[in-house]
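Q: After the structure tokens below, expect a handful of questions from me.
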Amino acid sequence: MKTLFDGDTKHSEKACQASLAAVGDALYVIGGKWKLRIIIALGENGIKRFNELQRTVTGISSRVLSNELKELEMNGFVKRTVHTQKPVVVEYELTEYSNTLGDILKALSEWGARHKDKIKKERKAENLQIG
């Protein structure tokens, strides 16, 4: 039986449960609407202050951004630096560990573009049939 992962054989129950647990762990850490967008914004633009980051990630509230940054920092993806001069400046940047998401982000981006094209084509075909 063809599977999503290897294309050849069905996984054992134990392997399936391990895979489900690993995906669940990953989604817990990087899932949600904002985390990957924040990571991408920091990856594209390097070190950013809080307000710069909020302007880059359109639609995110300051409260949500603050919480997401705390979680990303806790999980080792973001480094927070406080400069104590007057006024105090807080900057955020990606850690080396965040580079481990590169292949995942690339695959998600490519899949997202393909999915969007698929949906557009299906809707266009539906509209042609209706009209």
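Q: Could you give each residue of segment 21-38 its phi-based ³J(HN,Hα) in whole Hz, using Karplus coefficients 6.51, -1.76, 1.60 with θ = phi - 60°, and x for Gly or Pro?
A: Per-residue couplings from phi come out as 5, 5, 5, x, 4, 5, 5, 4, 7, 10, x, x, 6, 10, 4, 5, 5, 5 Hz.
Q: Residues in segment 92-131, backbone N under 20 Å from the label point at GLU73 (7 Å along the Cα-to-beta-carbon vector): list them, ranges by number please.
A: 92-99
Q: Treat each spin label as a single point 7 Å out from the Cα along the C-beta direction, and report the ARG49 to LEU108 distance in nm.
A: 2.8
Q: With each run of n ≥ 4 DSSP H residues scored as -39500 (n - 2.57), what mean residue ellipticity at 222 nm is computed for the chain after dividing by its residue count and rounding to the nearest 500 deg cm²/dmol?
A: Calculated mean residue ellipticity at 222 nm is -19500 deg cm²/dmol.
Q: Output the Kirkwood hydrodynamic radius of the chain, Cα pairs only, in Å rounded to one decimal.
A: 17.7
Q: Can you check what the net charge comes to around LYS79, using other residues whose Cβ is under 10 Å from the Cβ of LYS79 (Lys, Arg +1; Asp, Glu -1)?
A: Residues near LYS79 contribute -3 overall.
Q: Could you give the dipole magnitude of the chain about its Cα centre, charging the beta-carbon of Lys and Arg +1 and that of Asp and Glu -1, in debye to the nearest 20?
A: Roughly 540 debye, rounded to the nearest 20.
Q: Still on this structure, please answer the following. Once R0 is set to 41 Å, what does the formula 1/(1 + (r/R0)^6) return for the Cβ-Cβ distance between VAL23 and LYS86, expressed as a FRET efficiency to the nearest 0.05?
A: About 0.30, to the nearest 0.05.
Q: If the reach is capped at under 21 angstrom between alpha carbons, list the lysines near LYS33, excluding any in the same chain fewer than eight residues apart.
A: Result set, ordered by chain and number: LYS48, LYS70, LYS79, LYS106, LYS116.
Q: May I pose another question? With the contact rule set at Cα under 8 Å and sequence spacing of 6 or more, what percent relative contact order holds for the chain?
A: The normalised contact order for the chain reaches 18 percent.
Q: Leaving out same-chain residues fewer than 8 places away, which aspartates and glutamates sit with a Cα under 19 Å from that of LYS86?
A: Filter leaves GLU52.
Q: Suppose the chain between SER66 and THR95 were pulled fully straight at 0.36 nm per residue; how much longer would it get relative to their current alpha carbon spacing?
A: Roughly 8.7 nm would be gained on extension.
Q: Using a simple spin-label model with points 7 Å from Cα along the Cα→Cβ vector, what separation in nm is obtained for GLU126 and ARG37?
A: With each label placed 7 Å out from Cα toward Cβ, I get 2.4 nm.
Every number here is computed from the coordinates shown, using simple stated rules; none is lab data. Predicted model, so just to flag it, every value in this text is computed and none were measured. Cβ atoms come from the backbone with ideal geometry, glycine included; neighbour counts cover every protein chain shown.
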